[in-house]
Amino acid sequence: MIYVVIIFLWTSILLYILLGGADFGAGIIELFTSKTNKAKTRKTMYKAIGPIWEANHMWLIIAVVILFVGFPKIYTTISVYLHIPLVCMLLGIIARGTAFVFRNYDAVKDDMQKVYTPIFVYSSLITPFFLGIIAASSVSGQIDPQANDFISAYIFSWLNWFSVAVGIFTVSICGFLAIIFIIGQTDSDGDRQHFVGKAKRAIFMVMFCGALVFIAAYAEHIPLATWIFGDTPGLIAIIAASISLIIMFYALNKDKPILLRLLAGFQVAMILFAATYTHFPDIVLLKNGENLSLVAHQGQVKTIASLGYALLIGSLFILPALVYLIYIFQKPKAVVADH
Amino acid sequence: MDDFLAARLQMAFSLGFHIVFACIGMVMPFFMSVAHFYWLRTKKVVYRDVTKAWSKGVAIFFATGAVSGTVLSFELGLLWPKFMEHAGPIFGMPFSLEGTAFFIEAIALGFYLYGWNRLNPWFHWATGVVVGISGLLSGILVVAANAWMNSPAGFDYIDGQYLNIDPIKAMFNEAWFSQSLHMCIAAFVSTGFAVAGIHALMILKGKSVKFHSTAFKIAAVFGTAAACLQPLSGDISAKDVAKRQPEKLAAMEAHFHTERFAPLIIGGIPDTTNQKVDYAIKIPGLLSFMATGDFNGEVQGLDRVPKADQPPVAVTHYAFQIMVGMGMAMVLIAVLYFIALWKKKDWLRSRWLLKLFVIATPLGFIALEAGWTVTEVGRQPWIIRGVMRTADAVTPMPGIAYSFYLFTAVYISLAVIVSLLLFRQISMVDKLYDSANQSKDEQL
């Protein structure tokens, strides 16, 4: 049953990066779009994101609940030593979630929009940035339970070049996902061409940020290259992701939006796989060399069993409903007689 | 400010904020579904207008409740890591189920908000009902987890170790039913009165009267019916607390000495040093009757509890008095409203009844916050009653005071913006939602 729980944990993290990430990306793109294109970009994006917007962010809650129920030691270690980036991420989540709703549901469209929009776009940027920092810090081996001063216990646990680089990389992934998503939502050929051009630039941006991560890892003496390319499965995952990138350029030129989305999802999944497989079942690496493992630090038998059943039963309800939700709002608007 | 106090205040603030949004988010969908049902049945446009206006409110409150809930799931670890390390695996069951319920709610809300003219009308209506039911289930589950802190179950605590964990037993602890029942009814009372009060004010102002009267009636019926049920649930809770957490009841009542024929103490200023209550109204024997069902029953006082394990008396007592006072005021209004509905139809058109509802707008939420204070402060000094002290659970990270200031500022600004948004929604009713008004404009 422990592996069922681990698969759910991994999948919810992946889905949060993909679906939540595409949402964050929407805000990030808005930030980096020229004034003239802003309105068009925004309109295209929210037409599709609206209905599934809330659901996309539930994956984070599922992941957190799995952590604190099934792996309390891991949850509390992260909570204590990565307190500050977690708070920054939470502030981003609060600001973004509320600003999104406020700007869509404010009955009067006036200058308050000028307050909501910057909050929305900047929090779209900082939330995935700190998410990346947290993810990187859990494996960068800087969390030091023996530290006795504030700076080394609570600041240097997460503040290093590697974490910052992964934070930037996460932001670039979100932007990339959002653009790939938008291409399928455009309704004119001109718009499509516009976003295809952007998508190509976004791909190079992601590759550039990925390279930054390796450079930062080298500077921080983190053997990232060995982690990623050292294991056969990790290596295969990276090769598969690279091949799919070539197919992606083909799909970009041939207008195949569904294939594009599947490829983008596949690439992110492969990156996450390569990054997590190398340490599995360890998930948090501490400075003293003691690692926190999903297997060794799991909860008691009955806890894991009931958590596993709760997740399995829950997914029977959630997945069909979610798939139907996405299906309904993706197909061209079929107007049922006005009721 | 010391870190422990800051952590407690931050948690209290976060929960106090979340509880309002969560309650509105779980109750409004029911109001909305009732209005929607009447629209589908009667085809009177005013019902559709009310449904659409309320669905905007649901969207705003759901989103705010969802983010504040996400924050709480992290804050548990950020502020109380020692607690979560041990409690997580034991009381996690309701949280894992709540994850599902919450997810379903988010999906159903997506269908509902964007489903007008896209879905089969009755399927569309049903998705709104699912929003309400899954929201209510989430509420019950979260309160069941809180109940476990009051009534720990499903594990053996031996030599500082938590053994033989049974998450199902932990979820169905002794307090889950009475606490969840009281909380759910409270959500209906507070939301019902708040919504009814706002619509009553608009009727008094003479704006879109038909629209607001329709909305007022639905909210008022829910709120008043729930207000009348709440004392019954309160009685279940009182008897349950008397049995399980006698020290909490003693603090609620500022009941210092164990005695038979114990008086019910109303109001007053508790004096902990001299162990007495000044300026209080005392009704002899009533507390014994309420706690045990027998006027001569023995009610345990604070004297049976070691000093170090006593909850703060003053805060718990005042909060309890406020909750009961507000509750009784709302029962009174409810009775008047029912008389108006059944016997004195002309009262329904009178201004004084509407004015009463306007005055009562915040009462439900004041009672709700006060009740929450009673249950949380009354559990102190324990975070898991009898097992772990709150002071032992707090994070080792210093500087929590800054985090407290930060979150307080964020929550206050959010409250201000949400109020502004709500105010704007309400003042725009005639332009955005009231089609009666719009067609009149077109004719002119």
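Quick notes on this one:
- Residue check, residue A:312 of a type in the set (A, V, I, L, M), within 22 Å of the chain's Cα centre (by Cα), surrounded by fewer than 18 Cβ atoms within 10 Å (Cβ to Cβ) and in a helix (DSSP H, G or I): no
- Filtered residues of the range A:287-309 (kept if within 7 Å of chain B (Cβ to nearest Cβ), outside any loop (DSSP other than H, G, I, E, B) and in contact with a Phe, Trp or Tyr (Cβ under 9 Å, 6 or more places away or on another chain)): A:307
- Identity of the residue in the range B:286-304, surrounded by fewer than 17 Cβ atoms within 10 Å (Cβ to Cβ) and part of a loop (DSSP other than H, G, I, E, B), that ends up farthest from the chain's Cα centre (by Cα): B:296
- Any hit, the range A:106-123, residues being in a helix (DSSP H, G or I), buried (at least 24 other Cβ atoms within 10 Å of the Cβ) and either touching a Leu at 6+ places or on another chain (Cβ under 8 Å) or among the polar types (S, T, N, Q) (or both): no
- Residue B:277 vs. criteria in contact with a Gly (Cβ under 9 Å, 6 or more places away or on another chain), more than 27 Å from residue B:196 (Cβ to Cβ) and hydrophobic (A, V, I, L, M, F, W, C): yes
Per-residue answers, yes or no, for (1) surrounded by fewer than 19 Cβ atoms within 10 Å (Cβ to Cβ); (2) under 21 Å from the mean Cα position of the chain (by Cα):
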{"residue": "B:1", "(1), (2)": "yes, no"}
{"residue": "B:5", "(1), (2)": "yes, no"}
{"residue": "B:35", "(1), (2)": "no, no"}
{"residue": "B:38", "(1), (2)": "yes, no"}
{"residue": "B:45", "(1), (2)": "yes, no"}
{"residue": "B:54", "(1), (2)": "no, yes"}
{"residue": "B:61", "(1), (2)": "no, yes"}
{"residue": "B:64", "(1), (2)": "no, yes"}
{"residue": "B:80", "(1), (2)": "no, no"}
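- Checklist (1) part of a helix (DSSP H, G or I); (2) more than 20 Å from the chain's Cα centre (by Cα) applied to residue A:186, failing item: (1)
- Residues of the range A:139-168 satisfying the condition of being under 16 Å from residue A:275 (Cβ atoms) and touching a Leu at 6+ places or on another chain (Cβ under 7 Å): A:139, A:141, A:165, A:168
- Scanning the range B:56-75 turns up at least one residue that is more than 9 Å from chain A (Cβ to nearest Cβ), part of a helix (DSSP H, G or I) and β-branched (Val, Ile, Thr).
- Filtered residue count, the range A:46-66, keeping only those that are crowded, with 23+ Cβ neighbours inside 10 Å, more than 7 Å from chain B (Cβ to nearest Cβ) and under 19 Å from residue A:3 (Cα atoms): 1
- Residue within the range A:148-162 that is away from chain B (no Cβ under 14 Å), touching a residue at least 60 places away in the same chain (Cβ under 8 Å) and surrounded by 24 or more Cβ atoms within 10 Å (Cβ to Cβ) present: yes
Condition check ((1) under 23 Å from residue B:203 (Cβ atoms); (2) facing chain A (nearest Cβ under 9 Å); (3) at pLDDT below 90; (4) part of a strand (DSSP E or B)) across all residues:
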residue	(1), (2), (3), (4)
B:367	no, no, no, no
B:371	no, no, no, no
B:392	no, no, no, no
B:414	no, yes, yes, no
B:436	yes, no, yes, no
B:439	yes, no, yes, no
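The values are calculated or read from the model by the stated rules, or taken from the named source; none is laboratory data. Please read all numbers here as calculations on a predicted model, not as lab measurements. Ideal geometry is used to build each Cβ from the backbone, glycine not excepted, and the neighbour counts take in all protein chains shown.
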